[in-house]
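The values are calculated or read from the model by the stated rules, or taken from the named source; none is laboratory data. What you are looking at is a predicted structure, and each value in this text was computed from that prediction instead of being measured. Cβ placement follows ideal geometry from the backbone for every residue including glycine, while neighbour counts extend to all protein chains displayed.
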There are 2 protein chains.
Amino acid sequence: MNAEIITIGDEILIGQIVDTNSQWIGQQLNKIGVSVYQITSIQDDKEHILNALKEAQERVGIVIITGGLGPTKDDITKKTMAEFFNDGKVIEYPEVVVHIQKMFKKYNIPYKKVQQYQAQLPSKATLLMNNLGTAPGMWFYENNTVFVSLPGVPYEMKGLITHQVLPRIQKKFKLPFIIHKTIMTYGQGESTIAERIEDFENNLPPDIKLAYLPSFGRVRLRLSAKGENKEELETALNAKVNEVYQLIPEIITGLDDDSSLEKKVGELLKKSNQTIATAESLTGGKIAATLVSVAGSSAYYKGSFVTYSAETKIKLLDVSAETIKKHTVVSGEVALEMARGVKEKLQTNYAIAVTGNAGPTADHNDKSVGLVYIAFVSDDKEIVQEFNFGQPREKVINRTVSKALEILQKEIH
Amino acid sequence: MNAEIITIGDEILIGQIVDTNSQWIGQQLNKIGVSVYQITSIQDDKEHILNALKEAQERVGIVIITGGLGPTKDDITKKTMAEFFNDGKVIEYPEVVVHIQKMFKKYNIPYKKVQQYQAQLPSKATLLMNNLGTAPGMWFYENNTVFVSLPGVPYEMKGLITHQVLPRIQKKFKLPFIIHKTIMTYGQGESTIAERIEDFENNLPPDIKLAYLPSFGRVRLRLSAKGENKEELETALNAKVNEVYQLIPEIITGLDDDSSLEKKVGELLKKSNQTIATAESLTGGKIAATLVSVAGSSAYYKGSFVTYSAETKIKLLDVSAETIKKHTVVSGEVALEMARGVKEKLQTNYAIAVTGNAGPTADHNDKSVGLVYIAFVSDDKEIVQEFNFGQPREKVINRTVSKALEILQKEIH
C-alpha cells in the first residue's frame, strides 16, 4: 500500500518553517508496512488543494493531509475537502464542543461561539478525536482511497496518527512488512565503496534495494525489502548484510537499524551503569543536545560546559593558561585538558571535549579553518585526535559532532 | 514567476532525513521575487521522476531538482533528465575532471576512472560548476521552463544556488518583489485575535495576504504582498502593519521581519556591548544552542551549564542544598539561584536559568508535569516567573525556550 503526504500551508513554501511533520509520518507509516510514494507541500489555495487531492488519489491508496484546520479565514482545508467529496452537509459533534469548552476553561480563555465551527465536520467524515487541541482530525473513505486530514501542530498531529490513524489503517488494509537495514561506514567515499561491492550490487534480487547515503564523511548503505513474511525478509536481508560485512569489513562501524549513534552510546552507558559529560567549544552545545535528545538520558548524562572563550576554558574547566599560550586554544593539549576538567568537575566515568576552528574566517591564532581536536577521557584511557573537516562552517560543526559520537561508541564499554 | 522544488531520494520519504534543503531554497527564491508554488518529494525511480518533471513543467516556470547526482547506481537523476529532454549526447567537461582530481588529491583519496562520469553532462545542460563537491549542477531551458538539477548535499546545493542559480534566474526573468512582514504576538489564541481584527482582515486588498501561524503559545501574523514597485509595497504593508498595531497593541512583541528572537537578543547585546550566560535543566542545552546558532554570537555569549541533576546544580552553580530541600528542584527559588550562579561564574551582564518538569512522567517530588520556572538576572534586576506549559514533553521544552528568549528580548537594553 502506497501513501502520499500532503502538507498545506504557505509557511513551508516560503521557508518560514521546516516540514518535520512529513518525516515523522513517513517513519510511522513505514513501520506498519505503508510506503510513502510522494510528499507534496502546497499553498493554502482552494484550487491547488483540489488539484493535489485529485492527483494523489490517482497515485496512492492513502492520502494524509496536514494543516489548514484552524479557526481562522486562511484555514480552508475542511471546506475544500467537503467540496472535493461533494459533501454539502455538516454534522456538529457535541463531544467536541464539550472538549473545546473544557480546554478553554483549563487555560482560562473565554470560550467564544466561533470555536463551535471546529466541532462541525463534513457529513462524510469520520471524527478523529483530538485530545490535545481544538481541531479534530477527519477520516474519509471515498473512491477506494483513504483520506485523512489532520491539524499541522506537530504534537496534535502525532497524537492523532498514533492513536487513531495507524490503528485504522492496519484494520482496513492487509499490509506487508517493510524492513530497512542500514550499514554505517566511515573513511571511504561512495564511489570507492560502490566499486568494492559492485558484484554484490549487480546480483541483488529485484525485491531488495540498495541506497548510498553520504553525509559528513560517513556513507550509510541502506538495504530495503518489502514482503508478506517478516521472518523470511529478515533472513534474506541479514544474509545480504553479512555479504557486505565480508566485502568491506574494515570500514563498517555497525548496523544502524533505526537507532542512531547517540542512542547506542546511551545504551552502552546504561548497560554498564556509567556516566558521561561534555565540554564543547566550536560545536556550541550540539554534542550535548544530541546526547540529551535521547529519552532517559538523564540516567547517564551529567552535564555540559559550553566554553567559547579561552577565558571560560580556564575559569570553568581548569585548562591551564600556560597550555593555551604554548599551544593555542585550537590544540590537542587544550582539548585534553578540557576533557579532563569536565570529567573531574562532574565526576563522570567518561568525558569528551572538542575545540577547533569552524570558520568562516580563520581566527587570530592563525590555525587553518576546519581544524578540530577531539579528546576522550575515561578512567583508564586518554585519546586525542586531530581532524581537518575543511569547510564550510556547517560541515565542520556537523562532522565534529558525528566524529565525537563515533569515538564514544567505539570507546565506551 | 512560480517555482517548484523537487527533491529526489527515498531517504526523505521513509523519514530517514528531514528535508531542510527545500526550506532554504524557498527562502532564497522568495528573496529574489520567485514564489514557490509547490514542493514535491519523490522516489529514486525513473518513471516517478519523469512524471514529476512533466507535472511541474505544467505548473511553473522554474523547476529546481535536488538529489540523485552521486556516482552510484541509485543516482539516476542525470540519466533521467537526459531522457526527459530526449538528449542522447553527452559532453565531458575537462575543467570538472581537473577539479575532481584536485579534490581527491587534497583529501588523499586515489582518483578512480568511475569519477570521470561525474564530469559528463547531457549536451543540452549548461554546466554549473560545483566547487565544493564532485557532482556539477545543471541548468536546462526547455519548453519555456528552466530546470535546475543540483546535488542534495546541503552545503554543495547552497553554494550552487547562491553563486550560480539565483544570478541566472535574475538575469533571465523580470521578477517582482515579494515582501513578508510578520507580527509577533503572545498570550492570545488565533481565534481571539481573528475576532479582534475581523474588520481589518475583511477589508484587506486582494494583493495582500494574511496568515496566522500559531506555535507554542505565540501567534505570528504574516502579511504578504507581491508587486513591481518595492517602495509602494513597503508603504502599503507598513500601513497595514500599523493598523494591526492599533487593533491589538498590548499583545504584540514586535515585528519579525525575517529575524528571529535569538537574532534580536543578539543585536541588543552587541549594541550595548554586554554579555549573557545560560543555565538549563529541562531544556538540555536548547536555549544555549538557539542563542549560539546566530553567527557572531561568540561576541556576547559566554557559555552554558546544562545541569540535569540536583547534585550538579549544587556543584556547578552553587545552588544551596538547603533551597533544594525546602522548595524542591522545580521551584522559582532554585531557578533564581541557578541564574545567579551562572552569572557569577561566567561574569556576565545577564543570565537566564530554567528548571521544570517536561514529563512525560511526574518526577518524585510530585510537581505536576509542565511546570516550569524561568529566572532572569541582570546587574540590577531579578525576575522569576512560573509557567504551566501542559504536555507533551516536546511542547513543554519548546515553549520554555521560546518564553526564555521572549523574556530576554523584553529585559535586555
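Out of the residues in the stretch B:19-77 that are assigned to a loop (DSSP other than H, G, I, E, B) and of a type in the set (Val, Ile, Thr), state the one that is modelled with the lowest pLDDT.
B:Thr72
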(message) I'm checking my understanding of the structure. Among residues of the stretch B:390-410 that are within 14 Å of chain A (Cβ to nearest Cβ) and without any contact (Cβ under 8 Å) to a residue 60 or more places away in the chain, which one is surrounded by the fewest Cβ atoms within 10 Å (Cβ to Cβ)?
(response) B:Glu394
(message) When the residues of the stretch A:1-31 are narrowed to those that are at the interface with chain B (Cβ under 7 Å from one of its Cβ atoms) and within 15 Å of the chain's Cα centre (by Cα), which ends up nearest to A:Lys171 (Cα to Cα)?
(response) A:Asn30
(message) Taking the condition of being under 17 Å from B:Asn388 (Cβ atoms) and in contact (Cβ under 8 Å) with a residue 40 or more places away in the chain, how many residues in the stretch B:323-342 meet it?
(response) 5
(request) For A:Ser304, work out the one condition from (1) in contact with a Ser or Thr (Cβ under 6 Å, 6 or more places away or on another chain); (2) touching a residue at least 40 places away in the same chain (Cβ under 8 Å); (3) within 7 Å of chain B (Cβ to nearest Cβ) it doesn't fulfil. (result) (2)
(message) When the residues of the stretch A:154-177 are narrowed to those that are farther than 30 Å from A:Glu231 by Cα and touching a helix residue (DSSP H, G or I) at 6+ places or on another chain (Cβ under 9 Å), which ends up farthest from the other protein chains (Cβ to nearest Cβ)?
(response) A:Met157
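Counting only residues that are within 11 Å of chain B (Cβ to nearest Cβ) and touching a residue at least 12 places away in the same chain (Cβ under 8 Å), how many does the stretch A:110-133 have?
Result for the stretch A:110-133: 8.
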(request) Name the helices (runs of 4 or more DSSP H) wholly inside the stretch A:134-232 in which the number of residues that are surrounded by 19 or more Cβ atoms within 10 Å (Cβ to Cβ), of a type in the set (A, V, I, L, M, F, W, C) and in contact (Cβ under 8 Å) with a residue 24 or more places away in the chain is 2 or more. (result) A:154-160
(request) Test A:Ile65 against the criterion of being facing chain B (nearest Cβ under 9 Å), in contact with a strand residue (DSSP E or B) (Cβ under 8 Å, 6 or more places away or on another chain) and touching a residue at least 24 places away in the same chain (Cβ under 8 Å), and give yes or no. (result) no
(request) Looking at (1) in contact with a helix residue (DSSP H, G or I) (Cβ under 6 Å, 6 or more places away or on another chain); (2) crowded, with 18+ Cβ neighbours inside 10 Å; (3) not polar (S, T, N, Q), find the lone condition where B:Val114 falls short. (result) (2)
(request) Taking only the stretch A:53-62 into account, find how many residues are among the hydrophobic types (A, V, I, L, M, F, W, C) and without any contact (Cβ under 8 Å) to a residue 40 or more places away in the chain. (result) 0
(message) Tell me the residue from A:Val97, A:Val60 that is hydrophobic (A, V, I, L, M, F, W, C), within 30 Å of A:Pro176 (Cα to Cα) and more than 7 Å from every other protein chain (Cβ to nearest Cβ), please.
(response) A:Val60
(request) Give the stretch A:180-208 a look and list any residue that's within 11 Å of another protein chain (Cβ to nearest Cβ) and among the aliphatic types (A, V, I, L, M), or say none. (result) A:Ile193, A:Ala194, A:Ile197, A:Leu204
(request) Just give me the residues in the stretch A:288-301 being more than 9 Å from every other protein chain (Cβ to nearest Cβ) and crowded, with 24+ Cβ neighbours inside 10 Å, in sequence order. (result) A:Tyr300
(request) Taking A:Ser378 as meeting all but one of (1) within 14 Å of another protein chain (Cβ to nearest Cβ); (2) touching a strand residue (DSSP E or B) at 6+ places or on another chain (Cβ under 6 Å), write down the number of the exception. (result) (1)
(request) For residues that are surrounded by fewer than 23 Cβ atoms within 10 Å (Cβ to Cβ) and in contact (Cβ under 8 Å) with a residue 60 or more places away in the chain, scanning just the stretch A:32-52, find the one that is nearest to the other protein chains (Cβ to nearest Cβ). (result) A:Ser35
(request) Return the pairs, sorted by first residue and then second, in which the second residue is of a type outside the set (Lys, Arg) and assigned to a loop (DSSP other than H, G, I, E, B), the first residue lies in the stretch B:85-99 and is free of Cβ contacts under 8 Å to residues at least 60 places away in the same chain, the beta carbons are less than 7 Å apart, and the residues are 6+ apart or on different chains. (result) B:Asp87/B:Ser123; B:Lys89/B:Ser123; B:Val90/B:Ser123; B:Ile91/B:Ser123; B:Val96/B:Pro136
(request) Please identify the pairs in which a residue from the stretch B:250-267 that is within 14 Å of B:Arg218 (Cβ to Cβ) has its Cβ atom under 7 Å from the Cβ atom of a residue that is at pLDDT 80 or above and charged (D, E, K, R), counting only partners at least 6 apart or on another chain. (result) B:Thr253/B:Glu406; B:Leu255/B:Lys181; B:Asp256/B:Arg220; B:Leu261/B:Glu406
